[in-house]
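Single-structure report; data block below.
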Amino acid sequence: MFLPAAPVETQAPAILALAALLTATATKQYSSTTRFFVSTQGSAADATQQLQGSTFTQQRVKSYSQLLKTPKALEPAIDELDDDISARKLADRVAVKTVPDTVMLDVTVTDPSPERAQEIADAIGDTFPDVVDEIETPQGRTRSPVKVSV
């Protein structure tokens, strides 16, 4: 037996009511963003060195966007928070965006608690520059060629 579909006009209030119900019962999510600036350390004596440094850091920013969702980058933040969340679960709350043609990196943390979102974003801001310094410092050297600033 074939039943004709209800006219759109009669479906709209039901769809609107369902959307309102889902919105009202959904867990609110808050986000906090930390922005990193990536640069090379040392003095660039000429324009060629400056261009090379800029290209180098833009390539690093792409790699760091991937690194920021790994345990290597997130576990120090978890330690600073003194939390028992796993790096994998934290990575699900972290979104990383590179700002095109810049050396800027935006890390946004989403959480049901606005305070918690900010605490996590701050912890990543505190610890990630040290992670980069550790990774980028060549063996036998005391300093990384890369500097990450919040």
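Select from P100, L67, A77 the residue farthest towards the positive end of the dipole of the stretch 59-106; place +1 on Cβ of Lys and Arg, -1 on Cβ of Asp and Glu, and compute about the Cα centre.
Going by the Cα projections, it comes out as P100.
For the stretch 114-148, which trypsin sites (Lys or Arg not before Pro) are in a loop by DSSP, counting at most 15 other Cβ atoms within 10 Å? Working shown, then result.
Working: sites: R116, R141, R143, K147; in loops: R141, R143.
Those that pass, being in a loop and sparsely packed, are R141, R143.
For the stretch 72-125, what is the charge dipole size about the Cα centre, in debye to the nearest 20, if Lys and Arg each add +1 at the Cβ and Asp and Glu each add -1 at the Cβ?
Values: 6 positive and 13 negative charges, 66 e Å.
Once rounded to the nearest 20, the dipole reads 320 debye.
Out of all Cα-Cα pairs in the stretch 73-150, roughly what percent, to the nearest whole number, are more than 22 Å apart?
Working: 873 of 3003 pairs.
Percent of Cα pairs beyond 22 Å in the stretch 73-150: 29.
When ranked by the protection proxy of mean other Cβ atoms within 10 Å per residue, highest first, what sequence do the peptides 11-24, 69-82, 92-105 form? Spell out each step's value before the answer.
Details: 11-24: 9.6, 69-82: 17.1, 92-105: 15.0.
Result, highest mean first: 69-82, 92-105, 11-24.
Bear in mind these aren't lab numbers, they're just calculated from the coordinates by the rules spelled out. Just so it is clear, the structure is predicted and the values come from calculations on it, not from any experiment. Cβ atoms come from the backbone with ideal geometry, glycine included; neighbour counts cover every protein chain shown.
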